[in-house]
Structure formats: structure tokens, C-alpha cells
1. Residues that are surrounded by 15 or more Cβ atoms within 10 Å (Cβ to Cβ), hydrophobic (A, V, I, L, M, F, W, C) and within 13 Å of the chain's Cα centre (by Cα): does region 103-122 have at least one?
2. So which residues in region 125-168 are of a type in the set (A, V, I, L, M), loosely packed, with under 11 Cβ neighbours inside 10 Å and in contact (Cβ under 8 Å) with a residue 40 or more places away in the chain?
3. Against the definition (out of contact with any Leu (no Cβ under 6 Å at 6 or more places or on another chain), of a type in the set (D, E, K, R) and under 30 Å from Pro15 (Cβ atoms)), how does Arg103 come out, yes or no?
4. When region 2-50 is examined, which residues are found to be basic (Lys, Arg), in contact (Cβ under 8 Å) with a residue 60 or more places away in the chain and in a loop (DSSP other than H, G, I, E, B)?
5. Does region 34-89 hold any residues that are surrounded by 15 or more Cβ atoms within 10 Å (Cβ to Cβ) and of a type in the set (Lys, Arg), and which are they?
6. Quick check on Asp56: is it out of contact with any strand residue (DSSP E or B) (no Cβ under 8 Å at 6 or more places or on another chain) and of a type in the set (D, E, K, R)?
7. Is region 34-54 home to any residue that is within 22 Å of Asp165 (Cβ to Cβ) and among the charged types (D, E, K, R)?
Amino acid sequence: MSDPQPAARPDPVQPADAEARALARALMQGARHAALAWTDPETGTPGISRIAFGLDDAGGPLTLVSSLAPHRAALAAQPHAALMLGEPGDKGDPLTHPRLMLRVRAAPVARDSADHAALRALWLESHPKARLYVDFTDFAFVRLEMQSALLNGGFARAFRLTPADLAP
């Protein structure tokens, strides 16, 4: 007689609801930096960097990266990456504070593209100190095209989100 199989555990991650969508959008709108996970093209091992973060005029994630940063070459070689947004509050367990993980695909924006000037102006509104280096030739904008997202809104509050859920 064989042992019965244990019952499948229910998926604790829920589909997005209106509250989850609003919280995720707020985390994106309020973020000025993020943690970016990328794959090292030489070793195939993961790397992580803190990056400047912002949104384009359509609400899509965007960053400004120097070619001197290892993650720029990594994203060129393997554009699939992940971002973590959200900061722990001043009190309580850091794991109870909301955070958003975005699975993204990096898409560099050419300096001579039609939207570069508009992205530059928008970026400087939310990142005024970038005026010191935004025009250096080694800096370029990279769109971080959303593929999917996972919101951890605190204890027992996890949600799957789509790019449509995160659109403004």
C-alpha cells in the first residue's frame, strides 16, 4: 500500500485587486532608486546594483545608466532583469513593509532617437541632480519594459500583476 500524496497547497499569491494595483503604482511613482538584478555575461552568475529609477510619460520604468557600470553591459548581453522597489519604514519588521518586484526587459534608448529629449526633460524634473551628468556621452536612458510583477503588500498579502495592472 502506498502512502497517500499530500494535498496540494493553495497558491498564496493572489491575482491583483484594485487595492494591490493602487499600492504597486504608488510604489513605482514614489521610487527614485531601485535594486536591479542582472546576469553577468562573462560568468552567468547574478549581480545586483542600485540604480536611479523613474517613470516615462506613459508610466513605464526607466533608468539612466553609465557605460562604466557593469550592469549596462550585462543588460546589453542579457536584457532580462528584475527590479525591487520599496523601502522599509522607520518602525517594525522590514519584511512587513510593501515591496514590488518587476520582471523587465531592458531596451536602450538611442541618444539620437525622437524621444530622447523628452525623456531627458522628464528625468530632470524628478532627478534634478542628474543635470551634472545626464549629457555625458557614457550615460544613456534604458527603458525597463515590464513583463510581470509580484507585489508583497505585507504579511499574507502577495499579488501577481501584469503590465496592464501597473498602467496609470
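Only the coordinates and a few stated rules stand behind these numbers; no lab work does. These figures come from a predicted structure and were not determined experimentally. Here Cβ is always computed from backbone atoms with ideal geometry, including for glycine, and neighbour counts include all displayed protein chains.
1. Yes: region 103-122 contains one or more residues that are surrounded by 15 or more Cβ atoms within 10 Å (Cβ to Cβ), hydrophobic (A, V, I, L, M, F, W, C) and within 13 Å of the chain's Cα centre (by Cα).
2. Across region 125-168, the qualifying residue is only Ala156.
3. yes
4. Hit for region 2-50 is Arg32, nothing else.
5. Of everything in region 34-89, just one residue is surrounded by 15 or more Cβ atoms within 10 Å (Cβ to Cβ) and of a type in the set (Lys, Arg), namely Arg72.
6. Here the answer is no, as Asp56 does not meet what is asked.
7. No, there is no match, as no residue in region 34-54 is within 22 Å of Asp165 (Cβ to Cβ) and among the charged types (D, E, K, R).
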